[in-house]
Amino acid sequence: QVQLVESGGGLVQAGKSLRLSCAASGSIFSINAMGWYRQAPGKQRELVATITRGAITNYADSVKGRFTISRDNAKNTVSLQMNSLKPEDTAVYYCNAQIRMRSYSTYLSSWGQGTQVTVSS
């Protein structure tokens, strides 16, 4: 079994910063890409940022220049530094990781339980 546990969400004023963290644990052989997604009320889940094992990053246009994703391969963690937050960033943020549990198995997509980020104007 694999678990992804997020932390760091909360309520913050517009213009302020938050840092989200996610730790993967359990039966893990290797992790490929990791990322953050978000889902606002009444909207579909959308990509925020992803990072490969080799630290190649990809960002949604709406967060470029404000958010920074990073990871620690030794600790199986991924973080999202969110600066200059806007009310439209309000959503539940989900951690995602492509995890292989055995050397001979395929990568499976695993999700965290989500953490609420609320930005007030």
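The values are calculated or read from the model by the stated rules, or taken from the named source; none is laboratory data. On a predicted model such as this, the values are computed, not experimentally measured, just so you know. Backbone-built Cβ (ideal geometry, glycine too); neighbour counts: all protein chains shown. Keep in mind that these areas ignore ligands, DNA and RNA; they rest on the heavy atoms of the full protein, side chains included. Shrake-Rupley method; radii C 1.70, N 1.55, O 1.52, S 1.80 Å.
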Open item on the list: Looking at region 30-39, can you tell me whether even one residue there is part of a loop (DSSP other than H, G, I, E, B) and open to solvent by 40 Å² or more (accessible area, probe 1.4 Å)?
Closed with: no
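Which residues, taken from region 40-56, are polar (S, T, N, Q) and open to solvent by less than 60 Å² (accessible area, probe 1.4 Å)? It would help to see each step written out before you state the result.
First, the residues of region 40-56 that are polar (S, T, N, Q): 44, 50, 52.
Answer for region 40-56, where residues must be polar (S, T, N, Q) and open to solvent by less than 60 Å² (accessible area, probe 1.4 Å): 50, 52.
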Task: So residue 59, is it touching a strand residue (DSSP E or B) at 6+ places or on another chain (Cβ under 7 Å) and either more than 23 Å from residue 15 (Cα to Cα) or open to solvent by less than 60 Å² (accessible area, probe 1.4 Å) (or both) - done: yes
Task: Count - residues of region 78-108 that are within 25 Å of residue 63 (Cα to Cα) and either among the aliphatic types (A, V, I, L, M) or touching a helix residue (DSSP H, G or I) at 6+ places or on another chain (Cβ under 8 Å) (or both) - done: 7
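Yes/no per residue for (1) of a type in the set (Gly, Ala, Ser); (2) out of contact with any Ser or Thr (no Cβ under 9 Å at 6 or more places or on another chain); (3) in contact (Cβ under 8 Å) with a residue 60 or more places away in the chain:
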| position | (1), (2), (3) |
| --- | --- |
| 22 | no, no, yes |
| 61 | no, yes, no |
| 66 | no, no, no |
| 111 | no, yes, yes |
| 115 | no, no, yes |
| 121 | yes, yes, yes |
- [ ] Look through region 103-121, keep the residues that are assigned to a strand (DSSP E or B) and out of contact with any Phe, Trp or Tyr (no Cβ under 6 Å at 6 or more places or on another chain), and return whichever of them is nearest to residue 20 (Cα to Cα).
- [x] 116
Task: region 38-56, subset without any contact (Cβ under 8 Å) to a residue 24 or more places away in the chain and among the small types (Gly, Ala, Ser), residue nearest to residue 9 (Cα to Cα) - done: 42
Open item on the list: Whether any residue in region 9-18 is open to solvent by less than 50 Å² (accessible area, probe 1.4 Å), modelled with pLDDT under 95 and not hydroxyl-bearing (Ser, Thr, Tyr) is what I want to check.
Closed with: yes
- [ ] For residue 92, work out the one condition from (1) within 11 Å of the chain's Cα centre (by Cα); (2) among the β-branched types (Val, Ile, Thr); (3) more than 14 Å from residue 6 (Cα to Cα); (4) open to solvent by less than 70 Å² (accessible area, probe 1.4 Å) it doesn't fulfil.
- [x] (3)
TODO: Please tell me if residue 5 is within 17 Å of residue 115 (Cα to Cα), open to solvent by 40 Å² or more (accessible area, probe 1.4 Å) and touching a residue at least 24 places away in the same chain (Cβ under 8 Å).
DONE: yes
Task: Odd one out for residue 41 among (1) at pLDDT 95 or above; (2) more than 16 Å from the chain's Cα centre (by Cα) - done: (1)
